[in-house]
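Please read the structure below before turning to the comments.
Derivation of every value follows stated rules applied to the coordinates shown; laboratory data play no part. Every value quoted in this text rests on a predicted model; they were computed, and no experiment measured them. Neighbour counts run over all protein chains shown; Cβ positions are idealised from the backbone, glycine included.
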Amino acid sequence: MNCEVLVVGGGPAGSTAAKFLSQEGIETCLIERNLEFIKPCGGGIPSAGLNDLGILEEITKKIQFKSVKKVIIIPPYSEPIEVELRRGEILIFNRFEFDSFLRQIATEKGATLIEGELVKLEKNKRIKATVQLKNGALKEISCQYLIAADGVNSKVCSLIGIKKPNFFWTISSQIQTNRDLQTEACEFWFGSTHASFFYSWVFPGNNYMSIGTGSPKANELKKLLDNFINKRFPSINISTVKLRAYKVPKWEKRPFYIGNIILCGDALGTVMPVSFEGIYYAMKSAQFASEAIKQKNLIIYEKLWEQRFGRQFFIMKKFQDYMFGNERRIDKWLNKHRDPNIQELAMALWLRKEKSSNLIPLYLKAFGSLISRILLPQVKIHM
Ligand SMILES: Cc1cc2nc3c(=O)[nH]c(=O)nc-3n(C[C@H](O)[C@H](O)[C@H](O)COP(=O)(O)OP(=O)(O)OC[C@H]3O[C@@H](n4cnc5c(N)ncnc54)[C@H](O)[C@@H]3O)c2cc1C
């Protein structure tokens, strides 16, 4: 089989790339190793992100979601901070439905979807991929470009011999809700008894909630989650809860492409430090990569990314490195968000997906001396 672009991985990044390429008339094949796979995920996405990607109206008409009413941040030592949301600012989707729907959009635009796993890659003039189909048969696909959208454990990275993204571990579960066990808020709990270099979360879905926590170390996950559940939901018996461990990439600058092989989403590591939001950024990376392929100029992929998100990722990573693992610092930083002006700036950056270049200087100004300690002299801050 021949195609111009082979996209490996049918998660948010892969399907988005397949959609943008196919709608430009570029012959695209999308392979997903398991169409039944459900990515462990909170499923929280700012509606502004979906709007920016041009799918908000369609997706909210066609699949179920939950609209979150408020965000509650629980600092390690201080009282919770509650932020009321504008209607529909954060939407929670079931990842199986979300991913399946994105794949459907891609095929409607003309992409060929194949259920199969990439097992081998050869690079000559063109790229030759060997895909193992569900029935065990091997299929060869020859392509001009290959997009690696195969997640944090990227097989493409292994096959071409480049390092996979660094990562944190998470452990999470989806718990059916009932009258006694309900929440309308996204909760972010900070504190080292239950989260390490991460936060513990509760995200409300339709008739379920996602709960979980994270750490750089796999062997302490279970203990941290036990502590979190005891603290937040003492009535839940943890031994009855089905748990899943999965990695979340740690953002750091890596090559965006090697030859004609292009990395997108978690395979590139595009998860926002501190918030650990990954779906929107995976989809945006795919959009930018598709634009670069369309223009037959891969250099512009990184440029588009840098222009739009470079500064915000850089600064949030510095924040993460400085604060996470130090409860006093986290507590101080979170408490700043009691100020309605800082809250508004943080929400604009996080939820409204407004161009970060205008907002970052204002957000940074609010942190004064803290910022100079973290960032200077690496970046010049124009205020
Ligand atoms: C517990 C947890 C909670 C999270 N919560 C949120 C949240 O609430 N909001 C948010 O924005 N982000 C969240 N994230 C991050 C988010 O899930 C990811 O950033 C996002 O899924 C990345 O999309 P992707 O398409 O790059 O990769 P993935 O979603 O991982 O998709 C990769 C796809 O590639 C397929 N694949 C892998 N190898 C092969 C192969 N060899 N051949 C063919 N196919 C292959 C996989 O089956 C998979 O479908 C969370 C992550 C975790 C772990």
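Projection of the Cα convex hull of the range 1-59, averaged over all directions and equal to a quarter of that hull's surface, yields 5.0 nm². Among K125, K134, the ranking by other beta carbons within 10 Å of each residue's beta carbon, starting with the fewest, stands as K125, K134.
Full extension of the chain segment joining V241 with T107 gains 44.6 nm, where the gain is 0.36 nm per residue of separation less the Cα-Cα distance. Overall shape of the chain was characterised from the C-alpha gyration tensor. The equivalent ellipsoid obtained from it has semi-axes of 34, 25, 20 Å, in decreasing order.
Structural size metrics of the range 35-131, computed from C-alpha coordinates, are Rg and Dmax of 18.9, 61 Å.
About its Cα centre, the chain has a charge dipole of approximately 800 debye under the convention of +1 per Lys or Arg Cβ and -1 per Asp or Glu Cβ, with nothing else charged.
Cα centroid distance between the range 16-45 and the range 73-98, in Å? Centre-to-centre distance over Cα atoms comes out at 26 Å. Counting other Cβ atoms within 10 Å of each Cβ, which trypsin sites (Lys or Arg not before Pro) in the range 210-269 have at most 10 and sit in a DSSP loop? Answer by residue number: K242. The stretch between R232 and S158, if pulled fully straight at 0.36 nm per residue, gains 22.7 nm over its current Cα-Cα span. Restricting attention to the range 2-118, the count of lysine pairs at 8 or more positions apart or across chains with alpha carbons under 23 Å apart stands at 11.
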